[in-house]
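Beneath this line is the structure, given in structure tokens, with notes to follow.
The values are calculated or read from the model by the stated rules, or taken from the named source; none is laboratory data. Nothing here was measured: the structure is a model prediction, and the numbers come from that model. Backbone-built Cβ (ideal geometry, glycine too); neighbour counts: all protein chains shown.
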Amino acid sequence: MNRPIGSINRRAFLGLAAAAVSAPALTACDVSGSSSSAGGGSSDPIKFWDQPWGPTAYNDLGKKITEAYPPAAGSGKATYQVIPWNNFYQTYASAIASGTGPAVSTGGGFQPFQFAAQGAIAYADQMLESWKKDGFYDDFLPGLLETNKTDNGYAGVPWQIDARILWANEKLLEQAGVAAPTDFDSLLAAGRALKKIGVFGFGIGTGAGNNLGSHAMVAMMIMNGGGLFDPDGKTNCVTDRNIESMDFVRQLAREGIIDPASISYTIDNLNAQWSSRKVALGFQAAALQSQAAAVKDELVVNSPLAGPHGDKAALHFVNSIMMYQKTPSQQASEAFVTYYLKNIHQYWDAALVGGVPVLKSIIASEGFTKSPSQVKIVKEYTPISTTYAARGTKLTAGLAAVDGGQALTQFAQTMLQGKTDAKAALTTLQRGIEEAMK
């Protein structure tokens, strides 16, 4: 399966802090002198850059959709280019700085905020107003468009959600004689029962390129009413709720409910554990069934757990399409984005992308509703999901440095060893996040 599914590379920029410092300063003006953020017409093609969000067939379909774009009046056709995830931030930064970047792109979840901070993003406010007039605005799930709002405008438009779901192998649960967990206590009970049949009750990993471990730690905090930040966006890791959640993870590790080797597990290692029935419960991306195809018929979406105090929440990442100052015309960029979003249903029709749709029309489509797991994710997880910004709501460019930095990874590895006091580990994490966001 493709590299980004269930991994950090879809959202964050590994080594971002260093890359952002070393990248050339970007300005809102066009380097070549031909840019326009106004509505003037141009026959120049609209350059659309996309990432490998699925198997090769995903990008093949993306090219087909892009090249079928009927140019708006006074604008040119659209071209399609695949940008590999390896060093993708540097690819974008260098191209944008030299005036050879795209007019429109997908990319990492925090990418709109990063390039907006550098003056390279063309805001989507005018386009959103036009969608309100034709009704397309109302096709988006509630609250998702607002995730891209900055003080200066909307830096991008969501096209899919990368959710962190608690999956379960129902066959293994049945074999262990235990019901699907509903809260922390029943998760612990299930883990103990599964351990008796040689199965781990909390699949996780923090090896090279695998940030599912970090995401699981944050998810456990959020579902207990905690998080990395306070409602005003200030770093606030050392709270009673976070300590309680991490003490629980330490207990799972100490009791052998978490595989001791998971500290070195890559995504492939973790998927192999699921496929070989060594893991029965754990947080994964929505595409787990395709990644662990050997047991896909045994895997079900577990309902969200209730925290110790009755809270219910979940973690997700919002992936967006963004427009840039370098464009034949802003009008052309907006026309293409509108066309493209109205055609992305084809990815779900062909089961080529593992993310959760942001459009109600796709969620209601036959191609999507044929998957009970995906329907349950939308019904039970999407309404209660929030981002890294929890307990606040505002996303910033600095969050990319958090998601792609070492502080969270090292924290997750510490928790999986089950030895360090939770408060001490959270204190170290807070210092690391504050340093990364400077």
ask   = Residues in the stretch 145-154: is at least one within 23 Å of the chain's Cα centre (by Cα), outside any strand (DSSP E or B) and among the acidic types (Asp, Glu)?
value = yes
ask   = Here are some conditions: (1) farther than 28 Å from Tyr265 by Cβ; (2) part of a helix (DSSP H, G or I). Val402 meets all but one. Which one does it not meet?
value = (1)
inquiry  = Taking the condition of being within 30 Å of Ala397 (Cα to Cα) and crowded, with 18+ Cβ neighbours inside 10 Å, how many residues in the stretch 146-188 meet it?
reply    = 17
Members of the stretch 205-229 found to be in contact with a helix residue (DSSP H, G or I) (Cβ under 7 Å, 6 or more places away or on another chain), hydrophobic (A, V, I, L, M, F, W, C) and assigned to a loop (DSSP other than H, G, I, E, B), listed by number = Leu228
ask   = Would a scan of the stretch 111-119 turn up a residue that is over 10 Å from Ser320 (Cβ atoms), free of Cβ contacts under 8 Å to residues at least 60 places away in the same chain, not in a helix (DSSP H, G or I) and not aliphatic (A, V, I, L, M)?
value = no
query = Going through the stretch 312-370 one residue at a time, which ones are outside any helix (DSSP H, G or I), hydroxyl-bearing (Ser, Thr, Tyr) and buried (at least 21 other Cβ atoms within 10 Å of the Cβ)?
reply = Ser320, Tyr324, Thr327, Ser329
request  = Check off (1) over 19 Å from Ala351 (Cβ atoms); (2) in a helix (DSSP H, G or I) for Lys376 and give me the number that stays unchecked.
outcome  = (1)
query = Looking at this structure, is Gly404 surrounded by 24 or more Cβ atoms within 10 Å (Cβ to Cβ), touching a Ser or Thr at 6+ places or on another chain (Cβ under 7 Å) and at pLDDT below 90?
reply = no
request  = From Ser214, Ser245, Ser262, grab the single residue that is in contact with a strand residue (DSSP E or B) (Cβ under 8 Å, 6 or more places away or on another chain), buried (at least 19 other Cβ atoms within 10 Å of the Cβ) and among the polar types (S, T, N, Q).
outcome  = Ser262
task = Could you tell me which of the residues Ala390, Ala412 is touching a residue at least 24 places away in the same chain (Cβ under 8 Å) and outside any helix (DSSP H, G or I)?
result = Ala390
remark   = Out of (1) surrounded by 24 or more Cβ atoms within 10 Å (Cβ to Cβ); (2) closer than 19 Å to Ala422 by Cα; (3) modelled with pLDDT of 95 or more, the one Gly201 does not meet is (2)
key: Residue tally, condition part of a helix (DSSP H, G or I) and either of a type in the set (Lys, Arg) or at pLDDT 95 or above (or both), over the stretch 64-91   = 4
query = Would you call Gln289 in contact with a Gly (Cβ under 7 Å, 6 or more places away or on another chain) and over 18 Å from Leu188 (Cα atoms)?
reply = no
